[in-house]
Amino acid sequence: MEDYPKTILEFEARFATDQACREYLASLRWPEGFHCPACDHAKAWWTGRGVLHCARCGHQTSVTAGTVFQDTHKPLRLWFRAMWYVTSQKYGVSALGLQRVLGLGSYHTAWVWLHKLRRAMVRPGRDRLAGTVEVDEVYVGGAEPGKHGRGAAGKAIVVVAAEEDGAGIGRIRLLRVANAGGPSVCDAVQQCVVPGSLVHTDGLTSYNGLAALGYPHEVVHKGSIAVGENPLPRVHRVASLLKHWMLGTHQGAIQPQYLDYYLDEYTFRFNRRTSRSRGKLFYRLAQQAVAIDPVTVTCLPETGPPDMLESPAV
Ligand SMILES: [Zn+2]
């Protein structure tokens, strides 16, 4: 059963202590009930230090070890408030905004926390898209390409895949690719879409290999639709919303080397945009935060946050 607070008052009442937070994480990490990893015994108690002590062999297990929260020196209560804030804001939050709302002493801490939580926004082993899927590649970030042939310097190429849901959009996936060549984009489609799904693309020849990979493939030609109509309206709508989000919430200050994390966050938000309860997003994030490996500093900057320009959307 999905168990989560529905409102801020429920949240505050429920997660008033670090022990309450630990017990919640334990229920998400071991939904079938805790079993000692050393002897498989099912009975354990919480010690004063907040670890689970096996009643049979005495082995001690930390609920945060091996998760996003591993080695944190801050109270879990603060992490829970970060997760609540991040998920209750429809468009997310910048590092500076998080630092302010939590009263964190350091911008760097807020920046690192957001990156750790972004990693948790990708569900391990998540499903690929299915049905009929629009796919196209778009340029993201960097300087706007000039009108006079300056090209797309500094921009990343992102493959956007969007399920067709009637006239609307179902789920999406976003994946950065090295280039728009056939091997890159076809590999991206394989990562994002279940074989057998019907894939709609524009005329780019890079997608010609899809049929051989088990994807029925239709090219939507400009000539086959009304003048001025977009052949792939869903992916272009997603790309446009993504760019607005990057410029709005994050003030366009996203560094190329961290783009993948922002794409994950955007996908998490977009795919849950119709969720009526923000508490459910909190639940998913907390659930995934204890399901993924700890995020070590090697994938985070050693010299401090690169996006000091990042500021809250006004
Ligand atoms: Zn044991």
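Applying the selection to region 86-124, what residues are assigned to a loop (DSSP other than H, G, I, E, B) and closer than 20 Å to Arg269 by Cβ?
Hits for region 86-124 are Gln89, Lys90, Tyr91, Gly92, Val93, Ser94, Met121, Val122, Arg123, Pro124.
Could you grab me the full set of residues in region 5-56 that are out of contact with any Cys (no Cβ under 8 Å at 6 or more places or on another chain), under 17 Å from Leu76 (Cα atoms), in a loop (DSSP other than H, G, I, E, B) and away from the ligand (no atom under 16 Å from the Cβ)?
Residues satisfying the conditions are Pro5, Ala16, Thr17, Gly48, Arg49, Gly50.
If you scan region 238-282, which residues turn out to be within 18 Å of Ala120 (Cα to Cα) and among the hydroxyl-bearing types (Ser, Thr, Tyr)?
Listed by number, the residues that qualify are Tyr258, Tyr261, Tyr262, Tyr266, Thr267.
Checking the structure you have, find out if any residue of region 59-69 is within 15 Å of the ligand (Cβ to nearest atom), in a strand (DSSP E or B) and surrounded by 13 or more Cβ atoms within 10 Å (Cβ to Cβ).
Yes - at least one qualifying residue is present in region 59-69.
What pairs come out if I take residues in region 236-258 that are closer than 28 Å to Val220 by Cα and pair them with residues that are open to solvent by 50 Å² or more (accessible area, probe 1.4 Å) and in a loop (DSSP other than H, G, I, E, B) whose C-beta lies under 7 Å away, six or more apart or interchain?
His236/Asn230; Trp245/Tyr91
How many residues, within region 222-268, are farther than 19 Å from Ala95 by Cα, among the hydrophobic types (A, V, I, L, M, F, W, C) and at pLDDT below 90?
Counting residues in region 222-268 that are farther than 19 Å from Ala95 by Cα, among the hydrophobic types (A, V, I, L, M, F, W, C) and at pLDDT below 90 gives 3.
Given the conditions (1) buried (at least 20 other Cβ atoms within 10 Å of the Cβ); (2) more than 16 Å from the ligand (Cβ to nearest atom), and given that Arg77 satisfies all but one, which numbered condition is not satisfied?
Status for Arg77: all satisfied but (1).
The values are calculated or read from the model by the stated rules, or taken from the named source; none is laboratory data. Only a predicted model underlies this, so the values are computations on that prediction, with no experimental measurement involved. FYI the Cβ positions are ideal-geometry reconstructions off the backbone, even for glycines, and counts take in every protein chain you see. These area figures cover heavy atoms from the full protein model, side chains too; ligands, DNA and RNA do not enter into them. Shrake-Rupley method; radii C 1.70, N 1.55, O 1.52, S 1.80 Å.
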